[in-house]
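The structure appears below as structure tokens.
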Amino acid sequence: MTAALEVSGLAHAYDGALAVRNVSLTVQPGEIVALLGANGAGKSTTVGMIAGVLRPRRGTIHFDGRDLTGEPSHAVVRSGITLVPEGRLVFPRMTVMENLQLGAHSRQRTHIPALIGRAFSLFPRLADRRGQLAGSMSGGEQQMLAIARGLMAEPKLIILDEPSLGLMPLVTRELFRLIEAVNSGGISVLLVEQNLHQSLRIANRAYVLEKGEVVMTGSGKELLTNEYVRKAFLGR
Ligand code: ATP
């Protein structure tokens, strides 16, 4: 079977300094794949290249058999990949409903009510707050809205960059359950996280990045019990 996403030998430099040296990874249809690593390991830079926000210096990106290397972000979205960037960038002075509608700008107008219905059934909390200004909601609710807005583009693969950043453990657990629910609906997930423990629990497979390179890969279970990962990232 063709891998839904196939990334090979990616590299990117900021002002001549290599932030990503050599990253290869795949996400098969229906998988949750975690991309893990410490601060500055190159995770956001990697997904920025996949989403067409940053241009790779080297390497290739294929999705569903199409070459997306160097394509702009709107072409990447059209091919079925949506990035929910770090920092839950919702529009704070717009309502939940308006934020969702903006997420559907690439879709046909007649299709939008059904997409909003799907978002509300996945995230009932957002349905209750549909008229509320996004900026007045809690961090966890804003993150749910950011993901729901990403889903409005009807992606086959959604990339989530550190969705748990700044959230309380209880909220993070709920968020991860929602990510599993999104995935159960047939959407592949590439999950960028520093929260190794919870991501490895829900991930089919994971890649660990260090200094812009993949240093380890395996199933979620394998990495959860891996001595090196435990010592380096879980502190035990
Ligand atoms: P974080 O969890 O902090 O987001 P990360 O693993 O996502 O970390 P990146 O954000 O990809 O890592 O950063 C990789 C390296 O590139 C870091 O050394 C970072 O300082 C550098 N870097 C990131 N963005 C820029 C930029 N716009 N200009 C210059 N250097 C950058």
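The values are calculated or read from the model by the stated rules, or taken from the named source; none is laboratory data. This is a predicted model, so every value here is computed, not measured. Note: ideal-geometry Cβ built from the backbone for every residue, glycine included; neighbour counts use all protein chains shown.
Yes/no per residue for (1) of a type in the set (Val, Ile, Thr); (2) at pLDDT 85 or above; (3) surrounded by fewer than 17 Cβ atoms within 10 Å (Cβ to Cβ):
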residue: ARG201; (1), (2), (3): no, yes, yes
residue: LYS211; (1), (2), (3): no, yes, yes
residue: VAL215; (1), (2), (3): yes, yes, yes
residue: VAL229; (1), (2), (3): yes, no, no
residue: ALA232; (1), (2), (3): no, no, yes
residue: ARG236; (1), (2), (3): no, no, yes
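Scan region 188-197 and tell me whether some residue there is within 16 Å of the ligand (Cβ to nearest atom), of a type in the set (A, V, I, L, M), in a helix (DSSP H, G or I) and within 16 Å of the chain's Cα centre (by Cα). For region 188-197, residues within 16 Å of the ligand (Cβ to nearest atom), of a type in the set (A, V, I, L, M), in a helix (DSSP H, G or I) and within 16 Å of the chain's Cα centre (by Cα): present.
Scanning region 67-97 for residues being more than 16 Å from the ligand (Cβ to nearest atom) and on the phi > 0 side of the Ramachandran plot gives a total of 2.
For a quick check of your reading: which strands (runs of 3 or more DSSP E) sit entirely within region 1-115 and have at least 3 residues that are not aliphatic (A, V, I, L, M)? Counting at least 3 such residues, we get 5-14, 17-27, 58-63.
Selection over region 201-216 of residues that are in contact with a Ser or Thr (Cβ under 9 Å, 6 or more places away or on another chain) and either of a type outside the set (Val, Ile, Thr) or more than 14 Å from the ligand (Cβ to nearest atom) (or both) gives a count of 7.
For region 151-159, indicate whether the set of residues that are within 21 Å of GLY30 (Cα to Cα), at pLDDT 95 or above and within 16 Å of the ligand (Cβ to nearest atom) is non-empty. The answer is yes; a qualifying residue exists.
In the set (1) touching a strand residue (DSSP E or B) at 6+ places or on another chain (Cβ under 6 Å); (2) at pLDDT below 95; (3) within 11 Å of the ligand (Cβ to nearest atom); (4) over 30 Å from GLY139 (Cβ atoms), the condition left unmet by ALA41 is number (4). Considering region 217-227, and only residues there that are surrounded by fewer than 19 Cβ atoms within 10 Å (Cβ to Cβ) and of a type outside the set (Gly, Ala, Ser), the residue that is nearest to the ligand (Cβ to nearest atom) turns out to be THR217.
Consider SER164 against the criteria (1) farther than 26 Å from GLU31 by Cβ; (2) modelled with pLDDT of 90 or more; (3) assigned by TED's automatic domain parsing to the domain that holds ALA41: it satisfies all of them except one. Which criterion is unmet? For SER164, the exception is condition (1).
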